[in-house]
Structure formats: structure tokens, C-alpha cells
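First up is the structure itself, then whatever we jot down about it.
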Amino acid sequence: MSGLMAGKRGLIMGLANHMSLAWGIAQKLHEHGAELAFSYQGDALEKRVRPLAAQVGSDFLIDCDVSDMAALDAAFATLKDRWETIDFVVHAIGFSDKNELRGRFVDTSLDNFLMTMNISVYSFVAVAQRAAAMMPAYDAETGTGGGSMITLTYLGAERVIPHYNVMGVAKSALETAVKYLAVDLGRDNIRVNAVSAGPIKTLAASGIGDFRYIMKWNEYNAPLKRNVTIEDVGGAGLYLLSDLASGVTGETHHVDAGYHVVGMKAEDAPDI
Ligand code: NAD
């Protein structure tokens with residue numbers, strides 16, 4: 001253990017099971033000495049989250065639906081009851097009606113557009129407001145205080161990926177929110193960044209049409225000729241949340257085996 005996160009405490013939001021991106025990040029943070037709390041959505045998930053949390057030395061679990069501002073207030077009040085301050089937050093939450101994660105974007109309904117933006121974008125702003133209020137005050141003389149927050153995004157924010165549809169529009173807004181939050185919170189030495197992960201098979205991803213095709217396409221065409229893992233994402237999360245990234249904010253950091261730099265199908269990529 002390098003102790004990169006020794007003495008730091010934080011909240012992980014969006015752990016559903018052992019395949020979650022949040023799990024890759026939580027494990028890396030734990031390996032490096034962080035103390036973790038977890039928020040989960042509803043009783044059904046608690047059964048899955050509790051044993052995973054125990055594996056990384058945590059019994060601090062908080063039920064929170066991020067579309068409910070009262071639930072968010074209550075979650076942060078519970079956090080504050082036990083910990084006076086926190087140093088980091090991981091926001092690994094997104095949601096849309098899976099019926100609109102296939103077919104054409106042009107057919108997006110108003111209700112699902114608003115729900116997707118609420119759960120996948122505004123929730124990060126709402127979390128940032130409450131988390132920033134719990135981060136230690138910054139002392140410019142000693143350079144102490146502040147904190148770090150990350151959210152998870154995808155290339156569908158920057159370019160059109162079939163079936164990603166309204167979620168791509170939400171991720172664009174999320175990446176822009178990261179920049180605005182970075183400016184607002186920077187004076188308090190609070191850094192705000194996004195990890196843009198390549199496709200990984202998770203519960204949320206299974207709702208996206210033709211996801212297996214997207215994974216194959218990435219594997220064949222990414223510079224590293226493979227898909228990324230939750231461990232790859234965890235390493236980047238650790239970097240952004242630790243002091244190693246002390247000069248980094250407002251950034252969308254790609255962890256996608258390099259896929260985002262590619263402009264055309266690789267010459268050696270098989271047909272799929
Ligand atoms: P996941 O299903 O493991 O996690 C999604 C989480 O969002 C779940 O824990 C779920 O409970 C939570 N959530 C949804 N609605 C919520 C609500 N109203 N309140 C509280 N929590 C809620 O899937 P994942 O792939 O690990 O997703 C985590 C993040 O990573 C998402 O933002 C996703 O868009 C992003 N991401 C995923 C991939 C991928 O390929 N899997 C790639 C890039 C980005």
C-alpha cells in the first residue's frame with residue numbers, strides 16, 4: 001500500500017455490484033488507504049452493496065435516490081453525523097429509460113429527456129453543492145484543505161455512438177458541468193474532473209442497444225487492441241482523487257485504451 005489516500009475520507013455513489021465502475025474505483029482507493037462511505041439506491045441494492053463495502057473495510061452505507069433533494073440532504077446529514085469533513089466524492093450514477101437507448105435520438109420523449117438530465121447530470125451538481133460544504137476549508141498559506149470530486153462519462157458525449165442517444169446529450173452536459181463546477185470550486189482548492197471510460201459490461205450498460213457490438217468495435221479499433229477494465233478506471237480515479245493530480249481540474253480524462261484518438265476503422269480490424 002502506497003498510502004496515497006492515507007488519512008482521506010470520501011463518499012462513493014453508484015455502487016450496484018462487483019461489475020460497477022464504482023467498485024473498481026473503491027478498491028483502488030481502499031488499497032491506498034482511503035476510508036470509504038457508500039450511498040446506494042434502495043433496499044434491493046443494499047444486499048449487494050453491504051458485503052462489497054465490508055471487503056473494503058466499510059460499514060458506512062447510506063440509502064439515497066439522487067433525484068430526491070430531501071434524500072440527498074438526509075444522506076449528507078448522515079455523513080456529517082459520523083464524519084465532520086470529507087476529502088473526496090465519486091459520482092458514478094446515470095440513468096435513462098432503456099427503451100430510448102435504442103433506435104433514434106430524434107424520438108426522445110420530453111419526460112425521459114428531463115429524467116435522464118436530472119439523474120445523470122443535475123445530481124452531480126446537487127452532490128457537488130453538498131460535498132463542497134463538507135470539505136475542509138482551504139488555507140492558502142499552508143496549502144491544506146479542499147478536496148476532489150469525479151464523475152463518470154463516455155465518448156458518446158463528444159461523438160455520435162449508435163443507441164447512446166439522450167445519454168450522449170446528458171454526458172455532454174455533465175462534462176460541461178464539470179468545467180463550470182471546477183471554476184466555481186477552484187478557489188476553495190476543490191478539484192472537479194470526469195473520467196471518460198471505454199465500454200465496460202455493467203448493469204447500466206446492459207440497457208444500451210447493441211452494447212456487445214460497441215465493445216467488439218472498441219476492442220478491434222482501440223490503439224491498445226483491448227477493452228478497458230474497472231481496474232483501469234479505478235487507477236485513473238485514484239490519480240484524480242489523490243494529490244498526484246493536485247494541478248488537474250475541469251478535465252475529462254479518457255480511460256478507453258486510446259479509442260477516442262482513432263478516426264477510422266483499423267486496417268487489421270476484423271469485420272463484425
Ligand atoms: P452500474 O449499473 O453498476 O452503476 C450505475 C449506478 O447508478 C447504479 O449503482 C444505480 O443504482 C445508480 N443510480 C441510477 N439511478 C439512481 C438514482 N436515481 N439514485 C441513486 N443512484 C442511482 O453501471 P456503471 O456502468 O458502473 O455506471 C456508472 C457510471 O459510469 C454511469 O454514469 C455510467 O454512465 C458511466 N459509464 C459507464 C460506462 C460503461 O461502459 N459501463 C462507460 C462510461 C461511463
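Laboratory data are not the source of any read-out in this text; all were calculated from the coordinates shown. Since the model is a prediction, treat every value here as computed from it, not as a measurement. Neighbour counts run over all protein chains shown; Cβ positions are idealised from the backbone, glycine included.
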Expected output for segment 132-145 (first residue under 19 Å from residue 193 (Cα atoms), partner of a type in the set (S, T, N, Q) and surrounded by 11 or more Cβ atoms within 10 Å (Cβ to Cβ), Cβ below 8 Å, 6+ apart or cross-chain) is 134/85; 135/85; 136/85; 136/144; 138/144; 138/189; 145/189
The correct count of residues that are among the hydroxyl-bearing types (Ser, Thr, Tyr) and in contact (Cβ under 8 Å) with a residue 24 or more places away in the chain in segment 66-86 is 2
Flagged pairs (Cβ under 8 angstrom, 6 or more apart or on separate chains; first in segment 87-103, surrounded by fewer than 19 Cβ atoms within 10 Å (Cβ to Cβ); second among the acidic types (Asp, Glu)) are 102/210
Looking across segment 249-271 at residues that are assigned to a loop (DSSP other than H, G, I, E, B) and within 23 Å of residue 195 (Cβ to Cβ), the single one that is farthest from the chain's Cα centre (by Cα) is 263
